[in-house]
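The values are calculated or read from the model by the stated rules, or taken from the named source; none is laboratory data. What you see is a predicted model, and the numbers here were worked out from it, not measured in a lab. Glycine also receives a Cβ, built like all others from the backbone with ideal geometry; neighbour counts cover every protein chain displayed.
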Amino acid sequence: MNFELNCANWLGKLLKDEIVKKASIIYSPYTAEKPQDFKGINAAYNVEYITWESIPEGIEVAAIHICRSGAWTPPWYDAKFLKFVRDSGLSNLEFIDFMLRKWDTRNISLSQQINYMLA
């Protein structure tokens, strides 16, 4: 379980480097991922899978990670993603390495389109 930091495995990296000791994961109803997909991580670290409704009252949440993976999220959804995050009601938002991609296929080259899809 050597983790290289990227959008898909940031939590594994935090657990392996002992930056966090425990993780609670709430899956979107739209995800295809299942807890059994991560048997190795689940066995090695303190990871629990909960529902939004089962979060106890008064629990302190240090951070919420919302990721837009360029490889999986097409550029034409960037504005909707940004609106979703801003409308979340969360305060102290911090955007790290976020670039709003402008999808204009008439004025960008194929290599720029590919770069946007991976950024």
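Looking across the stretch 61-89, the residues that are in a loop (DSSP other than H, G, I, E, B), aliphatic (A, V, I, L, M) and either modelled with pLDDT of 85 or more or under 24 Å from Tyr116 (Cβ atoms) (or both) come down to Ile66, Ala71. Taken over the stretch 1-35, the residue count meeting the criterion of being within 22 Å of Ile55 (Cβ to Cβ), modelled with pLDDT of 85 or more and assigned to a helix (DSSP H, G or I) is 3. Does at least one position in the stretch 91-110 carry a residue that is assigned to a helix (DSSP H, G or I) and not assigned by TED's automatic domain parsing to the domain that holds Val61? Yes, the stretch 91-110 contains at least one residue that is assigned to a helix (DSSP H, G or I) and not assigned by TED's automatic domain parsing to the domain that holds Val61. Within the stretch 97-119, the residues that satisfy the criterion of being over 16 Å from Thr73 (Cβ atoms) and either within 18 Å of the chain's Cα centre (by Cα) or among the small types (Gly, Ala, Ser) (or both) are Ser109, Ser111.
Put simply, of Ile50, Ile41 the only residue that is surrounded by 10 or more Cβ atoms within 10 Å (Cβ to Cβ), modelled with pLDDT of 85 or more and touching a Gly at 6+ places or on another chain (Cβ under 6 Å) is Ile41. For Leu93, the conditions (1) closer than 18 Å to Tyr27 by Cβ; (2) at pLDDT 85 or above are fulfilled apart from (1). Scanning the stretch 96-119 for residues that are exposed (fewer than 10 other Cβ atoms within 10 Å of the Cβ) and under 24 Å from Thr31 (Cα atoms) returns Ile96, Asp97, Leu118.
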